[in-house]
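Data first, discussion second: the structure below is written as structure tokens.
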Number of protein chains: 2
Amino acid sequence: MSFKLTILGCNSAIPTIDKSPTAQLLNVNERFFLIDCGEGTQIQLMKNKIKSQRINHIFISHLHGDHYFGLIGLINTLHLLGRTKELNLYAHKGLKQIIDLQFQASNTELKFPLFFHPIPPDEEKVLFEDESIVISNLILKHSIPSSGFLFKEKKKTKNIIKAKIEEYEIPIAQLSSIKNGADFKSKEGKIIKNKELTTIAKSPHSYAFCSDTTLVEENIATIKGVTLLYHEATFMKDLVEKARQTGHSTTIDAATMAKKAKVKKLVIGHFSSRYNDLEELLAETKSVFTNTYLATDGSTFDFDTI
Amino acid sequence: MSFKLTILGCNSAIPTIDKSPTAQLLNVNERFFLIDCGEGTQIQLMKNKIKSQRINHIFISHLHGDHYFGLIGLINTLHLLGRTKELNLYAHKGLKQIIDLQFQASNTELKFPLFFHPIPPDEEKVLFEDESIVISNLILKHSIPSSGFLFKEKKKTKNIIKAKIEEYEIPIAQLSSIKNGADFKSKEGKIIKNKELTTIAKSPHSYAFCSDTTLVEENIATIKGVTLLYHEATFMKDLVEKARQTGHSTTIDAATMAKKAKVKKLVIGHFSSRYNDLEELLAETKSVFTNTYLATDGSTFDFDTI
């Protein structure tokens, strides 16, 4: 039951040799969710030994190129590798036409269904839900419509103590209800309390992705207490005016968001390419919110250890 | 007076970690011509220490993604870096709409003029010409309209022997006519033959780019005797049927083209990602045309040494 984030790219608009544009892979119990897909993401997936064919859901925050220019190449590669499984794309509406036009130009008919799910720019909505997770959009504030994403693991079931299964000869058919809290009636008719049979369920994980955006106070309640918040920190605090003008955040904005929302851990990224020494951005952020980490290409965050 | 080709990428449709999709940079006397622009080309330019702002002309062979998916990212970066100088793009007509649509989606108004020059799919035409070079398209045969490019250096002027300028006190105003073959009349009225004043001009270089395509017999006469021919060799000869079906060439096709056109040097590329050992493709090509080299990421070919 994994819940793990891999940073594939963390830079802002202009890529460099060692810093790719935004892309992240969230692995939730071996379901692979791709968040943003800057140029070169398919190569970043290879470098991180992540099989791109296992991705079934792609979320694109907004239509600035550093967040989606790698998408057409990734989809093209999945097609050329013979994919038949459906792919779900969640993005602002203009992206569908951009993709369609390029496949028309190359006379390509995709061998798999590509389902496009438009993200409403002004309304929070559940974009995806299954038995273990629910994913919804966050409304961000940027120079063009931009969405964050909130991944919330559902309440975890309890773990049954293996020795108790043997001791009371619990039939397989009843394991599910016991995991969900039921007591058990033994062959002898004795009621065994659930508490004796199970260990407490771990608390569910949650992940909030906020990029590109200014600090959005309205989202604090929504992301309250998330396990990990990724928040853009394009600029250091001395460039706060530039951040406001361009619809971006400073290190202090990101840290303030983390502090007010009482998140467990903050990861900052989307650094302006003017910064060579990212440790300076980290230190500035930590001055407000201590448990902060840098997003760097290839870094991973295992939610079980947060 | 340089004439040098740098391979930025050489792979066919699916990129790998160490083989980028097609892109090449031709440096003709410090004019930078970019040929094709697969995903990641801007990073390949950085890795090869080529300043992308120096590129003023980009030629796209056809609208399969592995030949142009990196273009939008490159143009976006040039824009973000504050370019004001015009950029000329030579491509099949669908590309303009693809670019326009993406900049509309991001609400971007380019800070520099982007001039689009459509390539006629069925007619050879001069695409660019200046005092030192003429560039025209070649009609290729592929699954969608595809164009090669022929770069022909104009006839070079002779070199004046420096010592003769001093000996005969030749005025600067007459250097140009002597470089072009004129004799010189000395102060004493003596006619000095051009042969005595100059060394023979080097023969002009020429470069033919043919990808993606099957073997096109009709182009043999056009590219006759070029200094260097780049020809795709997607498959080895045992997959000739697959090559025919997909509009590609085999190693033998590329070599046959080089042999019949009597080119000086052949460089093969656009290898199918099924091949791990490119030396096998090289050996097979050399069995027909000895002076063959592999295109690999970062390899360079200096025409002065061919």
Review point. Projected onto the charge dipole of chain A (+1 at Lys/Arg Cβ, -1 at Asp/Glu Cβ, origin at the Cα centre), which of A:Ile172, A:Gly70, A:Thr214 gives the Cα projection farthest towards the positive end?
Key: A:Ile172
Check your understanding: Translational D (Stokes-Einstein, µm²/s) of region A:88-247 at 37 °C and 0.692 mPa s when Rh comes from the Kirkwood sum over C-alpha pairs?
Key -> 164 µm²/s
**Study point:** Percent of alpha-carbon pairs separated by more than 16 Å within region B:159-199
**Key:** 16 percent
Point to revise | Theoretical ellipticity at 222 nm over chain A - DSSP helices of four or more residues, -39500 (n - 2.57) apiece, nearest 500 | key: -6000 deg cm²/dmol
Exercise for review: Would you pull out the residues with amide H under 5 Å of B:Asn159's amide H, same chain only if 5 or more places away, H placed 1.01 Å from N?
Suggested key: B:Thr199, B:Ala201
**Study point:** Ascending list, in nanometres, of distances separating the A:Glu131 label from those of the other copies (7 Å, Cα toward Cβ)
**Key:** 7.6
Review point. For the protein assembly as shown, what Kirkwood radius comes out of the mean inverse Cα-Cα distance, in Å?
Key: 27.4 Å
Point to revise | Amide H within-cut-off set for B:His57, under 5 Å, with H built and near neighbours excluded | key: B:Leu34, B:Asn88
Check your understanding: How big is the charge dipole of region A:1-119 about its Cα centre, in debye rounded to the nearest 20, if each Lys and Arg gets +1 on its Cβ and each Asp and Glu gets -1 on its Cβ?
Key -> 380 debye
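Roughly what % of DSSP beta bridges within chain A run antiparallel, to the nearest 5? All intermediate terms of the calculation are to be shown ahead of the outcome.
Values: 33 of 60 bridges.
Just about 55 percent of them are antiparallel.
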Check your understanding: To one decimal in nm, how far is B:Glu218 from the same spot in the other copies, if labels go 7 Å from Cα toward Cβ? Please give the shortest first.
Key -> 6.0
Review point. What percent antiparallel are the DSSP beta bridges of the protein assembly as shown, to the nearest 5?
Key: 55 percent
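Let me spell out the model: positive unit charges on the Cβ of Lys and Arg, negative unit charges on the Cβ of Asp and Glu, origin at the Cα centre of region B:229-293. What dipole size does that give, in debye rounded to 20? Numbers along the way, then the final one.
Numbers: 10 positive and 8 negative charges, 82 e Å.
Roughly 400 debye for region B:229-293.
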Check your understanding: How far apart are the B:Phe116 label points across copies, placing each 7 Å from Cα toward Cβ, in nm, shortest first?
Key -> 1.9
Check your understanding: Is region B:1-135 rounded, prolate or oblate when judged by the Cα gyration tensor, a ≥ b ≥ c being the square roots of its eigenvalues, rounded requiring a/c under 1.5 and prolate requiring a/b larger than b/c?
Key -> rounded
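Need one word for chain A: rounded, prolate or oblate. Basis is the Cα gyration tensor (sqrt eigenvalues a ≥ b ≥ c); a/c below 1.5 gives rounded, then a/b vs b/c decides. Can you show the working numbers first?
Details: a/c = 2.26, a/b = 1.45, b/c = 1.56.
Verdict is oblate for chain A.
Which longest uninterrupted range of chain B lacks any GluC sites (Glu not before Pro) assigned by DSSP to a loop state (not H, G, I, E or B) and surrounded by at most 12 other Cβ atoms within 10 Å?
Working: sites that count: B:Glu30, B:Glu86, B:Glu109, B:Glu123, B:Glu131, B:Glu169, B:Glu188.
With GluC sites (Glu not before Pro) excluded where exposed in loops, chain B gives B:189-306 as its longest stretch.
We did not get these values from a lab; they are worked out from the coordinates using the rules stated. Since the model is a prediction, treat every value here as computed from it, not as a measurement. All Cβ positions, glycine included, derive from the backbone under ideal geometry; neighbour counts span all protein chains shown.
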